[in-house]
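Chemist: I have a structure I would like to understand better, so I am pasting it below and will then ask my questions one at a time.
The values are calculated or read from the model by the stated rules, or taken from the named source; none is laboratory data. None of the values given here were measured: they were computed from a predicted structure. As a convention, Cβ positions derive from the backbone with ideal geometry for all residues, glycine included, and neighbour counts pool all protein chains shown.
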Amino acid sequence: MSKKILIVDDEEDIVTYLQTLFGENGYNVITAGNGVDAVRMAKAEKPDMITLDITMPEESGVKAFRELQESSETQNIPVIIVSGVDPEFKKFISSRKQVKPPAAYFEKPIDREELLNKVKEIIG
């Protein structure tokens, strides 16, 4: 059975890109366009991994990340931050005492091979 990845991003071109990349490499893909849907879908679908944008409508990726980490249903799902925000954000999100740091952090534009290698390392 193939591993399931939840892609969370409000930019359709990024969602399509990641969907194609992961799909072509044997992963099952589901998507959400905002943080509210991301948390709901993570609890319902139990993905093996989540890619999460930070700057989104309705609920930011930061708030969604915190909710995912605080819920017993989703706290063990690895999260890769995929965002165009300042590199200083990586230091910020990784230094929060309330939640564990993300499994990885990728800035947009994404290095395809580097991302795939990290996904394989995390979930196979």
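Chemist: Given the structure, is K43 surrounded by fewer than 17 Cβ atoms within 10 Å (Cβ to Cβ), among the basic types (K, R) and at pLDDT below 95?
Modeler: no
Chemist: Same structure again: I'd like the full set of residues that are without any contact (Cβ under 8 Å) to a residue 12 or more places away in the chain and either touching a helix residue (DSSP H, G or I) at 6+ places or on another chain (Cβ under 7 Å) or of a type in the set (G, A, S) (or both), limited to segment 34-47.
Modeler: Answer for segment 34-47, where residues must be without any contact (Cβ under 8 Å) to a residue 12 or more places away in the chain and either touching a helix residue (DSSP H, G or I) at 6+ places or on another chain (Cβ under 7 Å) or of a type in the set (G, A, S) (or both): just A44.
Chemist: For E73, state whether it is in contact with a helix residue (DSSP H, G or I) (Cβ under 9 Å, 6 or more places away or on another chain), over 14 Å from P102 (Cβ atoms), surrounded by fewer than 17 Cβ atoms within 10 Å (Cβ to Cβ) and at pLDDT below 95.
Modeler: No, not satisfied.
Chemist: For T31, are the conditions met, namely being free of Cβ contacts under 8 Å to residues at least 60 places away in the same chain, more than 17 Å from Q75 (Cα to Cα) and either assigned to a strand (DSSP E or B) or in contact with a helix residue (DSSP H, G or I) (Cβ under 9 Å, 6 or more places away or on another chain) (or both)?
Modeler: Spelling it out, T31 is indeed free of Cβ contacts under 8 Å to residues at least 60 places away in the same chain, more than 17 Å from Q75 (Cα to Cα) and either assigned to a strand (DSSP E or B) or in contact with a helix residue (DSSP H, G or I) (Cβ under 9 Å, 6 or more places away or on another chain) (or both).
Chemist: Could you count how many residues in segment 20-40 are of a type outside the set (A, V, I, L, M) and surrounded by fewer than 17 Cβ atoms within 10 Å (Cβ to Cβ)?
Modeler: Residues flagged as of a type outside the set (A, V, I, L, M) and surrounded by fewer than 17 Cβ atoms within 10 Å (Cβ to Cβ) within segment 20-40 amount to 7.
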